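A.B. asks: This is the structure I have questions about; it appears just below.
The values are calculated or read from the model by the stated rules, or taken from the named source; none is laboratory data. Source: prediction; values computed, not measured. Here the Cβ positions follow ideal geometry from the backbone for every residue, glycine too, while neighbour counts run over all protein chains shown. With ligands, DNA and RNA removed, areas are computed over all heavy atoms of the protein, side chains included. Shrake-Rupley method; radii C 1.70, N 1.55, O 1.52, S 1.80 Å.
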Amino acid sequence: MNARILALGALCAAPPIAAQQPTFRDSTLDKFVGEWTLQGTMQGKPTTHDVSVEWVLQHQYLRIHETSRDLKADGTPAYEATVYIAWDDDTKEYALAWLDVYGSANEGSIGYAKSGGKSLAFLFTYRDGSKFHTTVHPRRDRRHWAMDNESKSGVIKPFARVTLTRKPSPVPTR
C-alpha cells in the first residue's frame, strides 16, 4: 500500500509534459520558402551565397540553409549556416537558432523577434552586454537584410548589407 501511495505521489509531482503546439502557419515566413541568391557585403567584403528555405519537422520550423560560393583552400565553402526559425506561442515571439561553421553554441546563438509588421527584427544578446541585430525587410521577390554589431556601450556598427533575390523556378521538362 505504501509503495502505491509513493508511486502515485511521484507521478503527481512529475512536471507536466509539454503539448505540441498547433502546426505553425505564418504568411510572412511562407514567403521565404524557396531558393535564393544572397549578394552584398559582409564585414566590408563582397560576398555571394546560395540560400535554400523550407518548412521542416511537421511544419514547426522554417529551415534556412546558407552556403557561401567562396571556397577555402580545401574546396569547402568559406561559410555555411543552418538557421531555424520557430514560433513561441507562450511569448508570441519568433525564435531563431543560428548554427554555423564557427561552432559556438551559447546565448548569442538564439535571437528573438516580436511579431507584427512585414520586417523581422531579431535581436541576439550576449553575456558581456553586446548585441547583434539582424533585420529582414521583404520587398516582392527580394529581401533586404541588415546585420549590425552593437557594443556594450550601445555603439552600432554595420556587419552586413545583403539582398536575397529569389531564383527563378526551374522550367519543367517534357
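A.B. asks: What spacing in nm lies between the two simple spin-label points modelled at LYS152 and GLU107, each 7 Å away from Cα in the Cβ direction?
C.D. replies: Each label point is offset 7 Å from its Cα along the Cβ direction, giving 1.3 nm.
A.B. asks: Shifting gears a bit: List the residues, sorted by chain then number, that are 5 or more residues from LYS167 or on another chain and whose placed amide H is less than 5 Å from its amide H.
C.D. replies: Answer set, sorted by chain and number: GLU35, TRP36, THR37.
A.B. asks: Which of LYS92/LYS131; LYS92/LYS118; LYS72/LYS152; LYS114/LYS152; LYS45/LYS157 have a Cα-Cα distance over 24 Å?
C.D. replies: LYS72/LYS152
A.B. asks: Given the options LYS31, LYS114, LYS72, state which has the largest fluctuation in a GNM of the chain using a 10 Å cut-off (strictly under) for Cα springs.
C.D. replies: Comparing LYS31, LYS114, LYS72 in the GNM, the peak value goes to LYS72.
A.B. asks: Give the carbon-plus-sulfur fraction of the accessible surface of the stretch 47-174 in %, rounded to a whole number; probe 1.4 Å, heavy atoms of protein chains only.
C.D. replies: Working: 4210 of 7880 Å².
The C+S portion of the solvent-accessible surface of the stretch 47-174 is 53 percent.
A.B. asks: Let me ask something else about it. To the nearest 20 debye, what charge dipole does the stretch 94-140 have about its Cα centre, counting +1 at the Cβ of each Lys and Arg and -1 at the Cβ of each Asp and Glu?
C.D. replies: Charge dipole, the stretch 94-140, about its Cα centre: 380 debye, nearest 20.
A.B. asks: Output the peptides 51-59, 39-47, 80-88 sorted from most to least packed, where packing is the average of other Cβ atoms within 10 Å over each peptide's residues.
C.D. replies: Order by mean packing, descending: 80-88, 51-59, 39-47.
A.B. asks: For helix 2-13, what angle does its Cα long axis make with the longest principal axis of the chain, in degrees from 0 to 90 and rounded to 10?
C.D. replies: Computed tilt is about 30 degrees.
A.B. asks: Right, here's the next one. Would you mind working out the magnitude of the charge dipole of the chain relative to its Cα centre, with +1 at each Lys and Arg C-beta and -1 at each Asp and Glu C-beta, to the nearest 20 Debye? Walk me through the numbers on the way to the answer.
C.D. replies: Working: 22 positive and 19 negative charges, 110 e Å.
Once rounded to the nearest 20, the dipole reads 520 debye.
A.B. asks: Roll a 1.4 Å probe over the protein chains and send me the accessible area per residue for the chain in Å².
C.D. replies: 67
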